[in-house]
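I have placed the structure first, in the form of structure tokens, so that the comments after it can refer back to it.
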Amino acid sequence: MFPDLFKVRQVRRETDDTFTLELGPVNGRGPFTFAAGQFNMLYVRGIGEVPISISGDPGQPGSLVHTTRAVGAVTNAMRALKKGDMIGVRGPFGIGWPVQEAEGRDVVVVAGGIGLAPLRPAICQLLARRDRVGKLVLLYGTRTPADILFRKELEAWRARLDFEVYVTVDRATAGWHGNVGVVTKLIPKAPFDPGRTLAMVCGPEIMMRFTALELEKRGVARQRIYLSMERNMKCGIGLCGHCQFGPGFICKDGPVYRYDAVKGLVSLREV
Amino acid sequence: MHTLEPILAEHPFLKGLDPRHLDVLVGCASNVRFDEGAFVFRQGEEANTFYILREGKIAVEIFTPHRGAISIDTVGEGDVLGWSWLIPPYHWHFDARAVEPTRAIALDARCMRTKCESDHELGYELMKRFAQIIEQRLDATRWQLLDVYGVRS
């Protein structure tokens, strides 16, 4: 599988160490269709290739958007890209969020840190078909107020009358008047009916583990809790084995899994 | 005449409490309000009240000379604020300040301590409920210390 070339339209700084890359197709390639929750392998020439979740709106396939943290050689090189630079894209890969299954249910989206990025496409889709879901709730936890991702969009979502958005930070700074504490603290009081709720969770594994336990405690059925797992994806098609997770491969069988299918794996020391 | 009994009975912290014990609590309870920015209590003061929160938001803060007041936790509707009243020498360890207009039921801790001493069943019941909250907050604090959203997590 060779990467398709895409042109950088914009590199937008989100927080101190995260950025959003907006790409457009070249060579007459058509719109890039994808499912919410899928990821691409992004290749920076001469440096390397990394898996990055798509953070754009599936309803706007003309623009391919990824949000990530600058943490290694490839992502630091990505952050340094300029408008008009080229980048290679392979994908989309994996199984995404169960947006169809959410219809007719309350939906609670629980995001931790950069985990909001892979959930953003699902939120865009749910908002686009807002009349088909019951209550829609976003619980977002992050490190500090300065680390809040998509801040303007969160403010716009919170201003809507049909979307309940709650944000909490682990460490407050002076001037922060919002919630302080871990994201699971928001679950017991969040306005959803657990008996008819579907949950989508993405963040560090330890956060997802505690979140799933708290959702279960609230009464959300295990089979209606979905988690997005992350490993070192390489080939994207389940051949190389880098992202093996139990008997399967995250790039092919995930990254989104039903909690009851991975419950035994998420608490193992090594998988 | 309206009493605080139905409000206390419905509050998540006290749900399921024996009506006999609820009556005792009502005898020590009063309605209170805090405007935005008002201190509920300050570090070092005597802990002679605890609060059953009905509406609003309270930040538990610590003051540091260089960084000012830093919020370390927030509690709101359905929560309970304060457990230093249970543990000698009964002094608050942090500040608590309303970040939104807040309504609560204040329970006179001196009254409660006396009642708990004379009725150990009530004391044990309250201790069990507070122990759960202390355990939840300890877990949350440990998790916060892990810095799970940091680069190395």
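Numbers at a glance
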| item | result |
| --- | --- |
| Considering residues of segment A:111-150 that are in a loop (DSSP other than H, G, I, E, B) and charged (D, E, K, R) only, the residue surrounded by the fewest Cβ atoms within 10 Å (Cβ to Cβ) | A:Arg129 |
| Count of segment A:16-53 residues which are within 25 Å of A:Leu127 (Cα to Cα) and either open to solvent by 70 Å² or more (accessible area, probe 1.4 Å) or touching a Ser or Thr at 6+ places or on another chain (Cβ under 9 Å) (or both) | 16 |
| Tally, over segment B:100-124, of residues that are touching a residue at least 24 places away in the same chain (Cβ under 8 Å) and either of a type in the set (Lys, Arg) or surrounded by fewer than 17 Cβ atoms within 10 Å (Cβ to Cβ) (or both) | 9 |
| Index of the failed condition, B:Gly76 passing every other in (1) within 12 Å of another protein chain (Cβ to nearest Cβ); (2) within 23 Å of B:Arg142 (Cβ to Cβ); (3) open to solvent by 60 Å² or more (accessible area, probe 1.4 Å) | (3) |
| Filtered residues of segment A:12-54 (kept if part of a loop (DSSP other than H, G, I, E, B) and closer than 30 Å to A:Glu101 by Cβ) | A:Glu14, A:Gly30, A:Pro31, A:Phe32, A:Thr33, A:Phe34, A:Ala35, A:Ala36, A:Gly37, A:Gln38 |
| Segment B:125-153 - residue that is of a type in the set (Asp, Glu) and open to solvent by 50 Å² or more (accessible area, probe 1.4 Å) and, of those, nearest to the chain's Cα centre (by Cα) | B:Glu135 |
| Of all residues making up segment A:1-60, the number that are out of contact with any strand residue (DSSP E or B) (no Cβ under 9 Å at 6 or more places or on another chain) and within 22 Å of A:Gly113 (Cα to Cα) | 2 |
| Matching residues, segment A:160-205, being among the charged types (D, E, K, R) and open to solvent by 50 Å² or more (accessible area, probe 1.4 Å) | A:Arg160, A:Asp162, A:Glu164, A:Arg171, A:Lys185, A:Lys189, A:Asp193, A:Arg196, A:Glu205 |
| Filter pass, A:Pro98 being buried (at least 16 other Cβ atoms within 10 Å of the Cβ) and either outside the structural domain of A:Met200 (by TED's automatic domain parsing) or part of a loop (DSSP other than H, G, I, E, B) (or both) | yes |
| Failed condition for A:Phe210, given (1) under 27 Å from A:Leu149 (Cα atoms); (2) of a type in the set (Phe, Trp, Tyr); (3) open to solvent by less than 70 Å² (accessible area, probe 1.4 Å) | (3) |
| Residues of segment B:127-153 that turn out to be more than 12 Å from chain A (Cβ to nearest Cβ) and in contact (Cβ under 8 Å) with a residue 40 or more places away in the chain, as a count | 4 |
| Options A:Val65, A:Val74; residue that is more than 10 Å from A:Leu21 (Cα to Cα) and either surrounded by 17 or more Cβ atoms within 10 Å (Cβ to Cβ) or modelled with pLDDT under 95 (or both) | A:Val74 |
| Which listed residue is away from every other protein chain (no Cβ under 14 Å) and either without any contact (Cβ under 8 Å) to a residue 12 or more places away in the chain or among the β-branched types (Val, Ile, Thr) (or both), from A:Leu198, A:Leu215, A:Leu161 | A:Leu161 |
| Of residues in segment A:138-177 being among the acidic types (Asp, Glu) and farther than 23 Å from A:Thr211 by Cβ, the one nearest to the chain's Cα centre (by Cα) | A:Glu155 |
| Extreme residue, most open to solvent (accessible area, probe 1.4 Å), among residues of segment B:79-99 that are free of Cβ contacts under 8 Å to residues at least 60 places away in the same chain and within 14 Å of another protein chain (Cβ to nearest Cβ) | B:Phe94 |
| Counted residues, segment A:91-137 - those being more than 18 Å from the chain's Cα centre (by Cα), farther than 19 Å from A:Tyr166 by Cα and not acidic (Asp, Glu) | 4 |
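Here's the yes/no breakdown for (1) in a helix (DSSP H, G or I); (2) farther than 21 Å from B:Val99 by Cβ; (3) open to solvent by 30 Å² or more (accessible area, probe 1.4 Å); (4) of a type in the set (A, V, I, L, M, F, W, C):
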{"residue": "B:Pro6", "(1), (2), (3), (4)": "yes, yes, yes, no"}
{"residue": "B:Leu17", "(1), (2), (3), (4)": "no, yes, no, yes"}
{"residue": "B:Arg20", "(1), (2), (3), (4)": "yes, yes, yes, no"}
{"residue": "B:Asp23", "(1), (2), (3), (4)": "yes, yes, yes, no"}
{"residue": "B:Glu36", "(1), (2), (3), (4)": "no, no, yes, no"}
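The values are calculated or read from the model by the stated rules, or taken from the named source; none is laboratory data. A quick note: this is a predicted structure, and the numbers were derived from the prediction, not measured. Glycine also receives a Cβ, built like all others from the backbone with ideal geometry; neighbour counts cover every protein chain displayed. With ligands, DNA and RNA removed, areas are computed over all heavy atoms of the protein, side chains included. Shrake-Rupley method; radii C 1.70, N 1.55, O 1.52, S 1.80 Å.
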